[in-house]
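Colleague: Quick one: structure below, then a few questions.
Every number here is computed from the coordinates shown, using simple stated rules; none is lab data. The structure displayed is predicted, hence computed values, not measured ones. For neighbour counting, all protein chains shown are included, and Cβ atoms are generated from backbone atoms with ideal geometry for every residue, glycine included.
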Amino acid sequence: MSDLKLQVNGKWVELDVPQSRYLAEVLRYDLGLTGTKIGCNESECGICSVLVNGTPVNSCIYPAFKAQGAAIITIEGLEQDGRLHPLQQAFLDHGAVQCGFCTPGLIMTAKALLDEKAAAKQPVTEHDIKVALKDTYCRCTGYQSVINAILQASGQDVKPYIPKTKAPCQTIGHALPNPDSLAKITGRAMYTDDFVFPGMLYARTKRAGVPHARIRHIETAEAAALPGVRAVLTHADVPGRQNHGLVTVDWPVLCSDKVRYAGDAVAVVAADSEEIAAAALELIKVDYETLPVVDDPIQAGQPDAPIVHEERPDGNLLKHIKVRKGDMAAGFAAADVVVERTYRTPMTEQMFLEPECSIGVPRGYDPTAFGGTIDPAAQRGVQYRHDKTTIYCGTQIPYLDREQTAAALNVPPEQVRIVAALMGGGFGGKEDIAAQIHVALLAERTGRPVKMLYTRAESLLFHPKRHATIIRIKTGAKRDGRLTAVEAELYGDGGAYASLSEKVMTRATTHASGPYDVPHVKVDCYAMYTNNTPCGAFRGFGVTQSCFAVESNMDLVARELGLDPIAFRRINALDVGGTTCTGQVMRESVGLQECIAGVEADMRAHHTALGEAFRWSWSEGRKHYAWGIGIGYKNTGLGGGAPDKASAIVETGVTDGQVWAEVRTSSAEMGQGLPAVLAACAAEELGLPYGQVRVLLGDTDHCPDGGPTTASRQTYVSGNAARHAARTLRARLQQVVADHFGQPVEQWSFADGQFSANGTRAGLVEAIEWAQASGQPTWEEYEYWAPKTQPLGTGGDMHVAFGFGAQAALVEVDDDTGAIKVLKIVGAHDVGRAINPLTLEGQIEGGIIMCLGNALTEHFINEQGQAWTDVMARYKMPSIKHTPEIISRIIEHQTADGPYGAKGIGELSSIPTTPAIVNAIANAVGVRFCSVPVDQDALLLAWKAGETECLCGWGYEH
Amino acid sequence: MAYWNDYYTPHTIEEAVEILGRYEGRACMIGGGTDLLLEIQQGHRPRMDALVDPTRIEGLDQIVEEDGWLVIGAGVTHTRIVNDPRMRQHGTCLVESCGVIGGPQVRNVATLAGNIAHALPAGDGTIGTLALGGEVQVAQASGLAWQPMEEIFIGPGQSTVDPKRMLIARIRFRPTGEHEGSAFRRVMRPQGIALPMIGMAARVRLAGEQITEVRIAIGPAAKVPLLAVKTMQALVGQTPSDKTFAAAAETALAEVQLRTSRHRASAAYREEMIRTQLPLTLAKAVERAHTGQAEPEGVGA
Ligand SMILES: Cc1cc2nc3c(=O)[nH]c(=O)nc-3n(C[C@H](O)[C@H](O)[C@H](O)COP(=O)(O)OP(=O)(O)OC[C@H]3O[C@@H](n4cnc5c(N)ncnc54)[C@H](O)[C@@H]3O)c2cc1C
Ligand code: FES
Ligand code: FES
């Protein structure tokens, strides 16, 4: 231990800490300044940036003693006298905060830029921002709002970018910041790793490291004997159900007889420090008999393939999914042109910036027994009561966490409580169980709180990703441009465990003829087990993959027919009265034609503004330019006959003469803006100002079940639940008021926060007080059931609604290097109704940039079941410098049952971007990639060799 | 286990050497740590008992002009190099090469000395320095000595400067003067590879319409950062033109050893890049020699 002197946010501090400390550790763990976040610990993501003597550095790999004597500024040091820094205010105004995990890093890096420019008396340009923030990543926003916010904070008059929407109601339709954004921009927001409990232990997981092997023996004695180790658990220590799983319960809590992928958990350790826990892992010896590896979904179906789950009846076949419509022979016979290609998409990684973290707190935990208390200032609505096993974590499905943990502990679900902390992104990757069960087991075993924070490498290794697919698709069309038939065959790499494979690949299958009215369709999909990382949910849920194949083929067919790609799509696009490939007749809310028309108008406007005629492609000097288009659709809600419901509680009260309302539900916020939607629904129905509605999410003891946060469903189902709960509560209050005046309730009405009848008025304050006085509840729980849907194969309505979207990309390809730049994306999305245009636009831009990564940069590479992509540095998500100009239109074809007509948007925007970009590249240089991410090396070589198609994107074995 | 125990910030070169000696191979130099610490963390090299940070050694935290050299101390970060007006004018290709390393947070702490000591065949700052004719001053128990930079490299990641026993105290080069110019270009892929597909730098001196002196560095084009000696020789006495540069690229192709590095670049692509990028690099250096204008390009790209 040595003396470290730092001036932190203006105050000198002296610490006695080991010289091996990193600055981030000192700030977060020694000084409790948890506003500084750690996303990677490898100097890659930049979100841990703080200022050292005014200069931004990555505090995660900055030795603390290098900063000896320096002045440090963190996000906590930006507010002055309770006033937000202009950057903080601008981030709020522009909706540049979603999950918020990157926000402190973005703001600190931007602050250094602003300070530097101010000192040099220079204006801040967009280019400056792109240089300064090049390596400070955000996975949620897509950066356009970030750039605008920084420009505004530098004193320029830049308004938030909000597309035109329908005239707003009182609250619905207004651009408002997410209620939790303020905590996120100030560094006060609490994510799981920010919680510290007295007496807490630190845990690590022993992972298989080999992709397929039989376990002969697990030896833990040496690890258990290491001083400071409090518990080492293996499968034998799981008292209840041995497996977990969201659909199929096939994933061992801790492996007993065999391991099926390199990330499998074999043992867990809790110790006094992370270091000791990590050292203990090295002492656990597992004797394996290695088995042959199956690492490809097609190979997995071969008769001689190694079998991943021997007990299953169908070998490695996880699910065969079928779509049948019409008569294929007739369909192709009627076609004048038939195009058939095989496409490949890679496994991709959600790369939420917050690695998984869980804290288990044992039943009966008493902090004072460990000489501490729990800081009430850190409570942010959480009631620390530990009368049952409690798990703090970032999760997309609190109630399923509870159920699965309870099953493993062998206790009823009510004896487990999940408290959802803020989540630094999820995108589907936080639906499956991570360490929730492990920390619960360790906490109960040791009688202490236990925290398990995954390293970035472990997060990459462990969690389910987007399915790699191989998609053969055959499209037939007539000369007049009408599609006659689509036949497709898909193989999806489900990896070692089922996770959500069946559901995801079903979505890929049912969307495999695109948002078109095709008379004859046959699709077969094989979701396969392999020894790769499991695959599950990732924004787009299978449709990202099939849309790429469908839309690539559409361009090829259009070319064969000599038709304009847009005109060809408009001939076939679904409209009201059309029928999907599963036989669902569209009765309402199909804004696709309007989306396509909007995108076409914006493409043309681009050229009009330059005083030239529209053209698909052109060259200037050694650069080649072209537009490409992609359209897509995405179901809202679970559909397929699954009961789809959500419950919400709305409670009202009066404090200091002011009415407040609180919405509670166990749906998850991972940055997508759900609290804003729920608060708006309640505010609208109760006639309350938005700012007077609080939202509490994901505490299973206080919030009813909102169901999984997946399938773009929460605005629809939880939004409806909140709306109906608020409405029912309002009706009750109206009754209370009517009773108070002794008048029939029918004579009363409600407007602008007031009940009135025949000239008599009563406000909400009185209504609530009278209700309380008469012992009537001032809260209401509502369970909302989405309209019934039909299982696949039975025809009828498979889904309650669909969102539709069209996007066009303008790309530039460099003649010398093959380097690709996306210059502009124009998009139009039919979302039913824009409940909050600010957070909605954030979803659209973030989705587009994420999908740009899918097209150009992202591939999680597995080789023989071992991840090549073992650090963040090997997986590049788009950075701010990749951000093109985004022009966005919002189309609002309301759907009858959605709240105020809204449908889901969370996934839609990240579906058509990939084909739009790949089609643009083909238009620019004549080389079509049938696989992503597009590889400039292969592109250039193919192009110079005069080839027109490339079968391999980056990262495949050629 | 901690990745290191003790962190030293000595004030003199002698002190640094003394600490290294005292630890007998269990201590190691650290600049910004942007290579070193990640390699230790990721298990690619052993943990250290001590780290020795030269950034507070007097005189090594600056860039100075001395006897007709520009001298860069071991504590100087890429950001400092990029922002230094003397560097921008007289070591343009070094500014351009340091200016594309990582992002600002990395450049704010990472040093040129660390980049050179890391000895990667395609280290960007290394390529820029090599083209300028850089020399390194190595400090060890036996004292201080200057060495042409190309002499220290042995193989990928290997140099004669063992950071557990000695340090690079300074780096120097002759500033480009009248009728001189330099330029750097690199090709990077946007996917998950932190190293360039290929990078190259050139320094030229003109007399009238003739190239009288030229240095060209390319990486990765051999097991060590490559000084393209044959190409340099072939260019001397030539008149700059598209044809000359195209011929130079062909000469370079004959002396490089290009490999396919998995997921990073194919040999065929690298070959194509030497063909297209080397002429552009030479042309830019010549243009700067002609005009005397040397505004660095691509910094922060
Ligand atoms: C996100 C990211 C992006 C990067 N991008 C690039 C890139 O584009 N191009 C590129 O070339 N590099 C890149 N790097 C690598 C690295 O940042 C550079 O090589 C940097 O210049 C290393 O300098 P440093 O001071 O951090 O070295 P350190 O990591 O401190 O040291 C590197 C090696 O040099 C030794 N060493 C350091 N200083 C001395 C000295 N004075 N004398 C003797 N030995 C010494 C160390 O012992 C170690 O062996 C990147 C790194 C990261 C994290
Ligand atoms: S760069 Fe420090 S946490 Fe990612
Ligand atoms: S808001 Fe940037 S990562 Fe989530």
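Colleague: Rounded to the nearest 0.05, what FRET efficiency do B:Glu65 and B:Met1 have when you use their Cβ-Cβ distance and R0 = 45 Å?
Modeller: Step by step, r from the Cβ atoms, then E = 0.50.
Colleague: To continue, here is another question. Nearest 0.05, what FRET efficiency do B:Gln293 and A:Glu947 give at R0 = 35 Å with Cβ-Cβ as r?
Modeller: That gives a FRET efficiency of 0.25.
Colleague: Right, next: Check A:Asn836: other-chain or 5+ apart residues with amide H under 5 Å from its amide H, H built from backbone geometry?
Modeller: Here A:Gly173 satisfy the definition.
Colleague: If neighbour count is taken as other Cβ atoms inside 10 Å, put B:Met166, A:Met1, A:Met586 in order from fewest to most.
Modeller: Taking fewest neighbouring Cβ atoms as first place, the list is A:Met1, A:Met586, B:Met166.
Colleague: What is the extension gain from A:Ala334 to A:Ala118, computed as 0.36 nm multiplied by their sequence separation minus the C-alpha to C-alpha distance, in nm to one decimal?
Modeller: Difference between extended and current length: 71.0 nm.
Colleague: Describe numerically, in nm with one decimal, the distance between label points set 7 Å from Cα along Cα→Cβ at A:Thr655 and at A:Glu560.
Modeller: 6.5
Colleague: Follow-up question, since we're still on this one. Shielding by partners for A:126-132, please: the mean number of other protein chain Cβ atoms within 10 Å of each residue's Cβ.
Modeller: Going residue by residue through A:126-132 and averaging, the value is 2.
Colleague: Hey, which lysines would be in cross-link range of A:Lys66, C-alpha to C-alpha under 16 Å, not counting anything within fewer than 8 residues on its own chain?
Modeller: The reachable lysines, counting only those whose Cα sits under 16 Å from A:Lys66, are A:Lys5.
Colleague: Provide the FRET efficiency to the nearest 0.05 for the A:Ala71-B:Arg22 pair, computing r from the beta carbons and using R0 = 30 Å.
Modeller: 0.40
Colleague: Treat every Asp and Glu Cβ in region A:37-105 as -1 and every Lys and Arg Cβ as +1, leave all other atoms uncharged, and give the resulting dipole magnitude about the Cα centre to the nearest 20 debye.
Modeller: 120
Colleague: Now, a different point. Pick out, from A:Pro367, A:Leu556, A:Val737, the residue whose Cα sits farthest towards the positive end of the charge dipole of chain A, with +1 on the Cβ of Lys and Arg and -1 on the Cβ of Asp and Glu.
Modeller: A:Leu556
Colleague: Now for a separate question. Taking θ as phi - 60°, what are the ³J(HN,Hα) couplings along region A:803-819 by the Karplus curve (6.51, -1.76, 1.60), each to the nearest whole Hz, with x for Gly and Pro?
Modeller: Listing the rounded values in order: x, 10, x, 9, 9, 10, 10, 9, 10, 10, 10, 7, 5, 7, 10, x, 5 Hz.
Colleague: Follow-up question, since we're still on this one. Place a +1 charge on the Cβ of each Lys and Arg in the protein assembly as shown and a -1 charge on the Cβ of each Asp and Glu, then give the dipole magnitude about the Cα centre in debye, rounded to the nearest 20.
Modeller: Working: 116 positive and 143 negative charges, 256 e Å.
It comes to approximately 1240 debye.
Colleague: Evaluate region A:645-785: find the radius of gyration of its Cα atoms, find its Kirkwood radius, and give the ratio Rg to Rh. Let's see the in-between values first.
Modeller: Working: Rg = 15.2 Å, Rh = 15.1 Å.
Looking at region A:645-785, the ratio lands at 1.00.
Colleague: ³J(HN,Hα) across region B:157-166 via Karplus (A = 6.51, B = -1.76, C = 1.60, θ = phi - 60°), whole Hz, x for Gly/Pro?
Modeller: x, 10, 9, 6, 8, 8, x, 8, 10, 9
Colleague: Using a basic spin-label model with each label point 7 Å from the Cα along Cα→Cβ, how many nm lie between A:Gln776 and B:Arg259?
Modeller: Output for this residue pair reads 8.0 nm.
Colleague: Taking +1 at the Cβ of each Lys and Arg and -1 at the Cβ of each Asp and Glu, which of A:Thr794, A:Gly35, A:Met1 sits farthest along the dipole of chain A towards its positive end, judged by Cα position relative to the Cα centre?
Modeller: A:Thr794
Colleague: Say each of A:Ala896 and B:Arg86 gets a label point 7 Å from the Cα, pointing the same way as Cα to Cβ; how far apart are those two points in nm?
Modeller: Label-label distance for A:Ala896 and B:Arg86, simple model: 8.0 nm.
Colleague: Counting Lys and Arg as +1 and Asp and Glu as -1, each charge on the Cβ, what is the dipole of region A:813-910 about the Cα centre in debye, to the nearest 20?
Modeller: 200
Colleague: In what sequence do A:Phe548, A:Phe195, A:Phe352 fall when counting other Cβ within 10 Å, fewest first?
Modeller: In order of increasing Cβ crowding within 10 Å: A:Phe195, A:Phe352, A:Phe548.
Colleague: Can you list residues from other chains, or at least 5 along the same chain, whose modelled amide H is less than 5 Å from the amide H of A:Ile418?
Modeller: Distant-sequence amide H within range of A:Ile418: A:Ile391, A:Thr700, A:Asp701.
Colleague: Ranked by Cβ crowding within 10 angstrom, fewest neighbours first, how are B:Trp4, A:Trp785, A:Trp627 ordered? Mind showing how you got there, number by number?
Modeller: Values: B:Trp4 23, A:Trp785 13, A:Trp627 26.
If I rank by nearby Cβ atoms, fewest first, I get A:Trp785, B:Trp4, A:Trp627.
Colleague: Here's a follow-up. Report, in deg cm²/dmol and to the nearest 500, the calculated mean residue ellipticity at 222 nm for the protein assembly as shown, where each DSSP H run with n ≥ 4 adds -39500 (n - 2.57) and the sum is divided by the residue count.
Modeller: -8500 deg cm²/dmol
Colleague: In terms of modelled amide H atoms, which long-range or inter-chain residues lie less than 5 Å from the amide H of A:Asn862?
Modeller: The answer is A:Trp868.
Colleague: Can you tell which of A:Asn58, A:Thr869, A:Ala855 lies farthest toward the positive end of the dipole of chain A, using +1 and -1 charges on the Cβ of basic and acidic side chains (Lys, Arg; Asp, Glu)?
Modeller: A:Ala855
Colleague: Would you tally the net charge around A:Arg28, using a Cβ to Cβ cut-off of less than 10 Å, leaving A:Arg28 out, and scoring K and R as +1, D and E as -1?
Modeller: Here the charged neighbours net out to -3.
Colleague: While we're here: Using θ = phi - 60° and the Karplus curve 6.51 cos²θ - 1.76 cosθ + 1.60, what whole-Hz ³J(HN,Hα) does each residue of region A:441-453 get, with Gly and Pro shown as x?
Modeller: Using θ = phi - 60°, the values come out as 4, 5, 5, 5, 5, 9, x, 9, x, 9, 10, 10, 10 Hz.
Colleague: While we're on this one: Setting aside same-chain residues fewer than 8 positions from A:Lys134, which lysines have a Cα under 20 Å from its Cα?
Modeller: The reachable lysines, counting only those whose Cα sits under 20 Å from A:Lys134, are A:Lys37, A:Lys111, A:Lys117, A:Lys821, A:Lys824, A:Lys876, A:Lys881.
Colleague: Given A:Lys285/A:Lys388; A:Lys184/A:Lys451; A:Lys164/A:Lys903; A:Lys121/A:Lys623; B:Lys164/B:Lys223, which pairs have Cα atoms separated by over 27 Å?
Modeller: Beyond 27 Å between Cα atoms: A:Lys285/A:Lys388; A:Lys121/A:Lys623.
Colleague: Mind checking region A:859-958 for GluC sites (Glu not before Pro) that DSSP puts in a loop (not H, G, I, E or B) and that have at most 11 other Cβ atoms within 10 Å? Don't skip to the end; give the middle numbers.
Modeller: Values: sites: A:Glu863, A:Glu885, A:Glu892, A:Glu907, A:Glu947, A:Glu949, A:Glu957; in loops: A:Glu892, A:Glu907, A:Glu947, A:Glu957.
Qualifying residues, ordered by number: A:Glu957.
Colleague: Also: Is any residue of region A:782-800 close enough, with backbone N under 19 Å, to a label point placed 7 angstrom from the Cα of A:Val745 along the Cα-Cβ axis, and if so, which?
Modeller: Only A:782-783 fall inside the zone, counting backbone N under 19 Å.
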